[in-house]
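Asks: Sharing a structure, written as structure tokens. Questions coming.
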Amino acid sequence: MNIYKEIYKTIKSYDSIVLARHVGADPDAMASCLALKQIILNTFPKKNVYAVGVSTSKFKYMGNLDKVTDEIIENSLVIILDTPDKKRVDIDNFDNYKYSIKIDHHPFVEKFCDLEYYDENASSTCEIILDMVFNTKLVLDKRSGELLFQGVISDTNRLTTINTSYKTFDLIHKLIKDTNIDFTNLYEQLYLRPLAEVRLQGYIAQNLIVTENGLGYIKLTDKIIKDFKVDSSSSGNMINNFNYIDDVIVWAFISEDVKNDIIKIAIRSRGPVINEIASKYNGGGHERASGARVKSFDEADKLIQELDNLCKRFRSETNENK
């Protein structure tokens, strides 16, 4: 693809490169950042490459993040990964970079970089990075291959989501063949859970509220989170474990984050398009996998009501078309 060659030439032309992704990073965001850093260093060992953003202990196994100074920022290319809009970029002083590139697989929200490539049909940003590597002179190694594999597997829920395509399987096949990664052990890093989270999952299953329209949701207050000795992101990490409940077509986990003074909401769907509602509540994402951040449970209640109305309309339209 010509766009891949243009991105490659831009990377080649800068001695200093900063890689960033969205706030509240998930495995695809984190892996695409750290993998592309390694890939650029494999290809251009003399370059200075930094992966930035707020770190989380959950993804320590993927690698460490970097800090950058104002001087580095002013002389660097910045590559924004897995982020469709500027407000969600986990980076400081974005406008001070010399040049910017966006690589993303979310539906288009806005143009905010000098050079942009997005493919909402791709399963993940890691899939796009992998495709770019195989179509340019960028150099893949075993470590960057492991990260890209984990990003694809996580964002596709083990290759089961609607945006998983034959191309996804082709790229994963070539990745495993070329790097000989031990992919079975990589699943353990992704899905190993502390006992506290397993017990929280049981609590969610027992206490999930399900409306007559097929919306499932639960509110996890700071007290509940502390009682289970987990953090505010724990419920979002397990939301895909509730994919196949017959009575539920949309489900949302609402978690209080006192430290950051926000309410985090992870949302998934087996039919209705949810990202338009999520975008109204300081969030966004994919049609069937989105998130939001609000300031109060009252605001969360408004989002829940909108989701319930969406489920009602979806069921009504589905019944009419039968």
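Where a number appears in this text, it was derived from the coordinates with a stated rule and is not lab data. Fair warning: this is a prediction, and the values are worked out from it, not measured in the lab. Ideal geometry is used to build each Cβ from the backbone, glycine not excepted, and the neighbour counts take in all protein chains shown.
Asks: Can you tell me how many residues within segment 184-239 are part of a loop (DSSP other than H, G, I, E, B), among the hydrophobic types (A, V, I, L, M, F, W, C) and in contact with a Lys or Arg (Cβ under 7 Å, 6 or more places away or on another chain)?
Replies: Here the count works out to 1.
Asks: Of the conditions (1) without any contact (Cβ under 8 Å) to a residue 60 or more places away in the chain; (2) over 20 Å from ALA29 (Cβ atoms); (3) touching a helix residue (DSSP H, G or I) at 6+ places or on another chain (Cβ under 7 Å), THR168 fails just one. Which one is it?
Replies: (2)
Asks: Name the single residue, out of those in segment 33-58 being within 21 Å of ASN93 (Cα to Cα) and in contact with a Lys or Arg (Cβ under 8 Å, 6 or more places away or on another chain), that is surrounded by the most Cβ atoms within 10 Å (Cβ to Cβ).
Replies: CYS33
Asks: Oh, and also: Which condition breaks for CYS33 when tested against (1) over 23 Å from SER154 (Cα atoms); (2) touching a strand residue (DSSP E or B) at 6+ places or on another chain (Cβ under 8 Å); (3) outside any loop (DSSP other than H, G, I, E, B)?
Replies: CYS33 satisfies all of (1) over 23 Å from SER154 (Cα atoms); (2) touching a strand residue (DSSP E or B) at 6+ places or on another chain (Cβ under 8 Å); (3) outside any loop (DSSP other than H, G, I, E, B) except (1).
Asks: Do you know which residues across segment 257-292 are in a strand (DSSP E or B), surrounded by 22 or more Cβ atoms within 10 Å (Cβ to Cβ) and free of Cβ contacts under 8 Å to residues at least 60 places away in the same chain?
Replies: ILE263, ILE265, ALA266, ILE267, ARG268, SER269, SER290, ALA292
Asks: Okay, next question. When only residues in segment 20-59 that are polar (S, T, N, Q) and touching a helix residue (DSSP H, G or I) at 6+ places or on another chain (Cβ under 6 Å) count, which is farthest from SER124 (Cα to Cα)?
Replies: Within segment 20-59, the match that is farthest from SER124 (Cα to Cα) is GLN38.
Asks: How about segment 59-167: which strands (runs of 3 or more DSSP E) wholly inside it have at least 1 residues that are touching a Leu at 6+ places or on another chain (Cβ under 8 Å), surrounded by 15 or more Cβ atoms within 10 Å (Cβ to Cβ) and of a type outside the set (Val, Ile, Thr)?
Replies: Qualifying strands (runs of 3 or more DSSP E): 77-81, 99-104.
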